[in-house]
1. Where residues in the range 38-80 are outside any helix (DSSP H, G or I) and loosely packed, with under 15 Cβ neighbours inside 10 Å, which of them is nearest to the chain's Cα centre (by Cα)?
2. Can you tell me which residues in the range 160-183 are assigned to a helix (DSSP H, G or I), touching a residue at least 60 places away in the same chain (Cβ under 8 Å) and more than 17 Å from residue 231 (Cα to Cα)?
3. Has the range 130-146 got at least one residue that is outside any loop (DSSP other than H, G, I, E, B), farther than 30 Å from residue 414 by Cα and modelled with pLDDT of 95 or more?
4. In this structure, does residue 262 turn out to be crowded, with 20+ Cβ neighbours inside 10 Å and either touching a strand residue (DSSP E or B) at 6+ places or on another chain (Cβ under 6 Å) or over 30 Å from residue 102 (Cα atoms) (or both)?
5. Quick test for you: out of 257, 201, 195, 268, pick the one residue that is in contact with a helix residue (DSSP H, G or I) (Cβ under 7 Å, 6 or more places away or on another chain) and either more than 17 Å from residue 173 (Cα to Cα) or modelled with pLDDT under 95 (or both).
6. Residue check, residue 240 against (1) surrounded by fewer than 17 Cβ atoms within 10 Å (Cβ to Cβ); (2) at pLDDT 95 or above; (3) touching a strand residue (DSSP E or B) at 6+ places or on another chain (Cβ under 9 Å); (4) under 21 Å from residue 426 (Cβ atoms), all met but one. Which one?
7. Here are some residues: 400, 394. Which one is crowded, with 19+ Cβ neighbours inside 10 Å, in contact with a strand residue (DSSP E or B) (Cβ under 9 Å, 6 or more places away or on another chain) and at pLDDT 95 or above?
8. Return the only residue of 230, 292 being within 23 Å of the chain's Cα centre (by Cα), crowded, with 17+ Cβ neighbours inside 10 Å and within 30 Å of residue 442 (Cβ to Cβ).
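The values are calculated or read from the model by the stated rules, or taken from the named source; none is laboratory data. In this text the structure is predicted, and so the values were computed from the model without any measurement. FYI the Cβ positions are ideal-geometry reconstructions off the backbone, even for glycines, and counts take in every protein chain you see.
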C-alpha cells in the first residue's frame, strides 16, 4: 500500500521554511498549520504509528501563543509557529521521555534538552514525541513505513522519519549512533541530515555511546534540513559540543562559486549493496560524467566496522548495563546481548578502537582536499519487509569518523520505493556539504528535464 498523497493545497504540504514565511506574513496562522498536522496524524497514525506521545491541546495552545506574538509585532524566530517532532530519547519539559522502553515509560524530565530549548527560542511548536527503537538501538518500535506498512521505516529514529514522510509534520529531530538518521531517511524518502560530531549538544538526550552519538534532522528539502543550524553550538554542558559549523541556511540556499568535485566511494561494504542499488549508482555516476571520479579506500578502512562495534558496545554496556542488570526481563534480547558483548571488552582494546577515528579522518584528508563531498549509498537498498530496522553498514564508517552526512531521496528501487544517495563531507564542513548537495539536486533535475 502506497503512502497517501498530500494535496499541495493543504497546509501539511508546506515545507518548514515556506510555512514559517507564510506565518510571518500572516497568510497562514500557526494554529491552522498545527490543526492541519493534527488532522493528518488522526488520519494516518493508525497505519504509520509514528508517535509515542501527543498533547494536542498543549500544541494548539503553543500555536495560539505564537499567533498572538505575531499580532503584537514581537520578534519572530526562524521557525516561528512551525510544528516539530522530537525523538523520544530527547527531553521535553511537560512530555514523557520513554526511550522506547517500558523501563522509562512515563518518565517526566524537569527541563528541556538544549536542542528543544533552542527550537523554542526559534519559535517552533513542539508537537510531540516520535517513536524510537528500544534505547535507540535495534529492537524496533511500532512505527511502519508510510510507503508500505509491511516494511520497516528504519531505525532508530523511526517515528521522526515516518512522520515527515507521511506529512504529519514538516520537520523532526532524531539521532544517530550508527545509521539512525541516514538509513530511515533513505527508507522513508525524506532528506536526513546528520551534522558533524559535536555540532549539536546532546545535553538532555539519552547517551547511548557518547563517542558516537550525533543529533540530526528530517525534512522534505535541503533548505528545510538546513534549519539544523538552530540546534548547533556549544552549550557549556556537553563536553563534546563545539562551535557551530554554520551558517547552513545561507549556504544551502546559494550556489557553489565553482562546479564542485565529487568522489564516488563504494566503501568496503559495497558487496552488501543490493544489485539494483549497485546498478542505480552506476547510472548515477554515468549521468554525472566527468564531474565525478571513483575513489577506492584502502583496505585499512575495513577495520572501521569492528572498531565502531567495539566502541559502541563498550559504551552502551557502561550507560545501559544497569538496566540489564536490575531489570533484565524488561530488556530485549538484542540489548542484553550488546551489553554482554561490551562488558567483555578489555579497556586497552576499547581505547585502541576509539583512537582509530582520528586516524581514519586524517587518512581521508587528501580526498577532501581534492573533492567537495563523497557520494555513496545511504542503505543497501529499499526498506526491507518486516520489523527489523535494516542494515546500517553504509553509515558506520562515517559515523565512526564523526563526519557530516546527509541522505537525498534521489533514487527509486525495483518496487518503486525510495533509495537514498548519501553525501559525506569533511569534519566541520557541514555548510560545504549542503551547498554541494543543492548543486547535485539541481544538476540531476536538469538531466531529467533535458
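1. Taking the range 38-80 first, the residues outside any helix (DSSP H, G or I) are 49-55, 72-80.
Narrowing the set further to residues that are loosely packed, with under 15 Cβ neighbours inside 10 Å leaves 72-75.
Details: 72: 35, 73: 34, 74: 32, 75: 29 Å.
Looking at the filtered set, the residue picked out is 75.
2. First, the residues of the range 160-183 that are assigned to a helix (DSSP H, G or I): 160-165, 182-183.
If we keep only those that are touching a residue at least 60 places away in the same chain (Cβ under 8 Å) too, we end up with 160, 162-165, 182-183.
Those that are assigned to a helix (DSSP H, G or I), touching a residue at least 60 places away in the same chain (Cβ under 8 Å) and more than 17 Å from residue 231 (Cα to Cα): 162, 163, 164, 165, 182, 183.
3. Step one: list which residues in the range 130-146 are outside any loop (DSSP other than H, G, I, E, B), which gives 130, 134-136, 145.
The next check asks that each one be farther than 30 Å from residue 414 by Cα; those that pass are 134-135.
Retained after the next criterion (residues that are modelled with pLDDT of 95 or more): 134-135.
Scanning the range 130-146, I find at least one residue that is outside any loop (DSSP other than H, G, I, E, B), farther than 30 Å from residue 414 by Cα and modelled with pLDDT of 95 or more, so the answer is yes.
4. Working: crowded, with 20+ Cβ neighbours inside 10 Å: yes; either touching a strand residue (DSSP E or B) at 6+ places or on another chain (Cβ under 6 Å) or over 30 Å from residue 102 (Cα atoms) (or both): yes.
It is true that residue 262 is crowded, with 20+ Cβ neighbours inside 10 Å and either touching a strand residue (DSSP E or B) at 6+ places or on another chain (Cβ under 6 Å) or over 30 Å from residue 102 (Cα atoms) (or both).
5. Values: 257 fails: in contact with a helix residue (DSSP H, G or I) (Cβ under 7 Å, 6 or more places away or on another chain); 201 fails: either more than 17 Å from residue 173 (Cα to Cα) or modelled with pLDDT under 95 (or both); 195 fails: either more than 17 Å from residue 173 (Cα to Cα) or modelled with pLDDT under 95 (or both).
Of 257, 201, 195, 268, the one residue that is in contact with a helix residue (DSSP H, G or I) (Cβ under 7 Å, 6 or more places away or on another chain) and either more than 17 Å from residue 173 (Cα to Cα) or modelled with pLDDT under 95 (or both) is 268.
6. Among (1) surrounded by fewer than 17 Cβ atoms within 10 Å (Cβ to Cβ); (2) at pLDDT 95 or above; (3) touching a strand residue (DSSP E or B) at 6+ places or on another chain (Cβ under 9 Å); (4) under 21 Å from residue 426 (Cβ atoms), the lone unmet condition for residue 240 is (3).
7. Values: 400 fails: in contact with a strand residue (DSSP E or B) (Cβ under 9 Å, 6 or more places away or on another chain).
None of the other options fit; the residue is 394.
8. Working: 292 fails: within 23 Å of the chain's Cα centre (by Cα).
Result: 230 is the single residue among 230, 292 that is within 23 Å of the chain's Cα centre (by Cα), crowded, with 17+ Cβ neighbours inside 10 Å and within 30 Å of residue 442 (Cβ to Cβ).
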